[in-house]
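Visitor: Pasting a structure below so you can have a look.
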Amino acid sequence: MTSNSARPADFADALRLQGVARHYGRGGALLKALDGVDLAVPRGQLLGLIGHNGAGKSTLFKLVLGLIAPSQGRLWVDGCEVGGRHFREARRRLGYLPENLVLYDNLDGLETLRFFARLKGAPLAQCATLLEEVGLSHAGRRPVREYSKGMRQRLGFAQALLGEPQLLLLDEPTTGLDPSAIRDFYAQLDRLRQRGVTLVISSHILAELEQRVDALAMLSHGRLCAQGSVAELRERSTRPLHVRLQADAAVLDALPPQLAALPGVVWRRDGAQRAGIDCPRALKMPLLQALAAQPLVDLGVQEPTLEDLYFELREAVVPPMQEAA
Amino acid sequence: MKDGLQPRQIAAVAAKEFSDRLRNRWVLAVALVFTVFSLAITYFGSAAQGQIGPRSIEATIASLVSLVIYLIPLIALLLGFDAIVGERERGSLDLLLALPITRLELLLGKYLGLAAALALSTLAGFALVAALLWHRFGMGGLYHYGGFVVSSVLLGLAFLSLALLLSVLARDRTRASGLAIALWFALVLVFDLLLLGLLVASGGELGGLLGGDGFAYLLLLNPADVFRILNVFSLDDMARLYGLASVVPPALGNPWLMGGAMLAWIAAPLALAGWRFKP
């Protein structure tokens, strides 16, 4: 790493944070909105940034955009140091959709995009194309004050796509979108990823991200409490898998003694023909092999959800007592 | 971002501000207000002397100065107080500043766009009286009237600059609007009264303390007074129409000095706003 803000030649990460902290106030009232965050997002990755309200997600975005300066640490976008001499150029390749999007009510959709395109140095011809891409070409000449929340959000997304950005920062992007719009939105993200665009999405709708992200960064109380792919985070989890069984009562009655050989497996009967098993991750395959020999009617395996993982990993950083205080 | 100012970014913001004011008919409304008031004053200003219509260029300008000194600062402050704090409070400022534009470029763009709207409405608003005076007194009188109109525009620009400073400093829109009204009250209504009161209360000693005419230089601390002096001294026989003229030393009659003072009143608050415009 060079000490100046010039772009190092072999910079493979689209976004990089090194020991970044942002504090508000001073002395006893010091609020650590972000504390000691190290993060690297490789080019073309879709990173999900998750955390509770006030965990530091929006602060992290503002730091990356250069809207606020870090109290400690350094950040690079596309190899350019945030706030450094070349950062204006880097900003042209950066798209941002804020959490609370506010547009100009008196402008129409097309005028809005043109205004932002001028400031971003993007070709004006792109505006009409982008309106079409987000499904707003029919409303391009209507004033934004007549737009629904979902339409505004789409227009905001089109704004973020001006200038064909290489890094997109989307803060709670699906707020206010209906299910079909959410599907369209993620389909568009897939197309962007195919073009090699790096995406950072914050959300607290964890189920939405679970199937879609390459990696997750979990923030809790300003600290990065976990980072990795969903599979990697599952590996780290100590939460048991949950197995649901359906079989004749006689088959279920005979099962517990056979499972006694598997330590840590917890058996629970949920009715005459139903049962549940909590099983440590390490014993998943031995358990399934034991069950395979049984004449079962149905079997389902439930991995810990992203939400389970989030609560588990977050508790590892901040004890629940402290949070309540 | 430590690179230089980019005029293209300033122009993009200025163009939006200007076209917003055209589109919501702000320019038209203010131009109409100026037109109606200036025509009324020109026509009926001498009614007390039993005459309808412009008596002389000097008298007309003297009456218009009294109008402009109240109206333009108020209009400029109301135009500008919301410029930055409004974007901040509504939440659109972050989105703007995430683009490749610096805070100073945004501030200058806002200022220039609003300044263009204010200047256009002022020029348009006083155009009809200009035509009237030209018809009545010919080209000679228009020279002085032109000076009055230009100084009116400068007065507006100075108060607009102050408004943007308030807009940068204020925490929210309510405070900004309160400060704008308070500033108008202080500079337009209270300042002269206070100055005069101090002079009288000190039995003229305060004037002596500041070295003869020194007291009069305190008038430079108020752009509204700079405007008044500019117009009072632009006409040889107008000085006597104003009681104020008798306390103003001749040095202050130099239009270049006063023009410079006005430009300083435009530049200084804007520079301060640029310096104080922080995240």
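The values are calculated or read from the model by the stated rules, or taken from the named source; none is laboratory data. None of the values given here were measured: they were computed from a predicted structure. Positions of Cβ are generated from backbone atoms using ideal geometry, with glycine treated the same way; all protein chains shown enter the neighbour counts.
Visitor: Read through the list (1) assigned to a helix (DSSP H, G or I); (2) away from chain A (no Cβ under 14 Å); (3) of a type in the set (Lys, Arg), then give the number of the only condition that B:ARG55 fails.
Guide: B:ARG55 satisfies all of (1) assigned to a helix (DSSP H, G or I); (2) away from chain A (no Cβ under 14 Å); (3) of a type in the set (Lys, Arg) except (1).
Visitor: So, of the residues in the stretch A:69-81 that are closer than 17 Å to A:GLY36 by Cβ and among the aliphatic types (A, V, I, L, M), which turns out to be nearest to the chain's Cα centre (by Cα)?
Guide: Going through the qualifying residues, I end up with A:LEU75.
Table: residues versus (1) at pLDDT 90 or above; (2) of a type in the set (Phe, Trp, Tyr); (3) within 17 Å of A:THR198 (Cβ to Cβ).
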site: A:ALA40; (1), (2), (3): yes, no, yes
site: A:LEU47; (1), (2), (3): yes, no, yes
site: A:ASN53; (1), (2), (3): no, no, no
site: A:SER71; (1), (2), (3): yes, no, no
site: A:VAL77; (1), (2), (3): yes, no, yes
site: A:LEU97; (1), (2), (3): yes, no, yes
site: A:TYR104; (1), (2), (3): yes, yes, no
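Visitor: When you go through (1) exposed (fewer than 14 other Cβ atoms within 10 Å of the Cβ); (2) modelled with pLDDT under 90; (3) within 14 Å of chain A (Cβ to nearest Cβ) one by one for B:PHE44, which number turns out not to apply?
Guide: Looking at each condition in turn, B:PHE44 falls short on (3).
Visitor: Could I ask something else about it? Taking helices (runs of 4 or more DSSP H) that do not extend beyond the stretch A:121-194, which have at least 1 residues that are over 18 Å from A:LEU101 (Cα atoms) and out of contact with any strand residue (DSSP E or B) (no Cβ under 9 Å at 6 or more places or on another chain)?
Guide: Counting at least 1 such residues, we get A:126-133, A:179-194.
Visitor: Among the numbered criteria (1) within 14 Å of chain A (Cβ to nearest Cβ); (2) in contact with a helix residue (DSSP H, G or I) (Cβ under 7 Å, 6 or more places away or on another chain); (3) in a helix (DSSP H, G or I), which one does B:LEU95 miss?
Guide: Going through (1) within 14 Å of chain A (Cβ to nearest Cβ); (2) in contact with a helix residue (DSSP H, G or I) (Cβ under 7 Å, 6 or more places away or on another chain); (3) in a helix (DSSP H, G or I) one by one, B:LEU95 breaks only (2).
Visitor: Check B:GLY138 against each of (1) on the phi > 0 side of the Ramachandran plot; (2) within 14 Å of chain A (Cβ to nearest Cβ) and name the one condition it does not meet.
Guide: Only one criterion is unmet by B:GLY138, namely (2).
Visitor: What do you reckon, is A:PRO173 surrounded by fewer than 22 Cβ atoms within 10 Å (Cβ to Cβ) and either out of contact with any Cys (no Cβ under 6 Å at 6 or more places or on another chain) or free of Cβ contacts under 8 Å to residues at least 24 places away in the same chain (or both)?
Guide: no
Visitor: Of the residues A:ASN100, A:ASN106, which single one is within 14 Å of chain B (Cβ to nearest Cβ), polar (S, T, N, Q), over 26 Å from the mean Cα position of the chain (by Cα) and surrounded by fewer than 16 Cβ atoms within 10 Å (Cβ to Cβ)?
Guide: Just a single option satisfies the conditions, and that option is A:ASN106.
Visitor: From the list B:ALA119, B:ALA130, B:ALA115, pick out the single residue that is more than 14 Å from chain A (Cβ to nearest Cβ), within 20 Å of B:ALA12 (Cβ to Cβ) and either basic (Lys, Arg) or surrounded by fewer than 22 Cβ atoms within 10 Å (Cβ to Cβ) (or both).
Guide: From the options B:ALA119, B:ALA130, B:ALA115, the qualifying one is B:ALA119.
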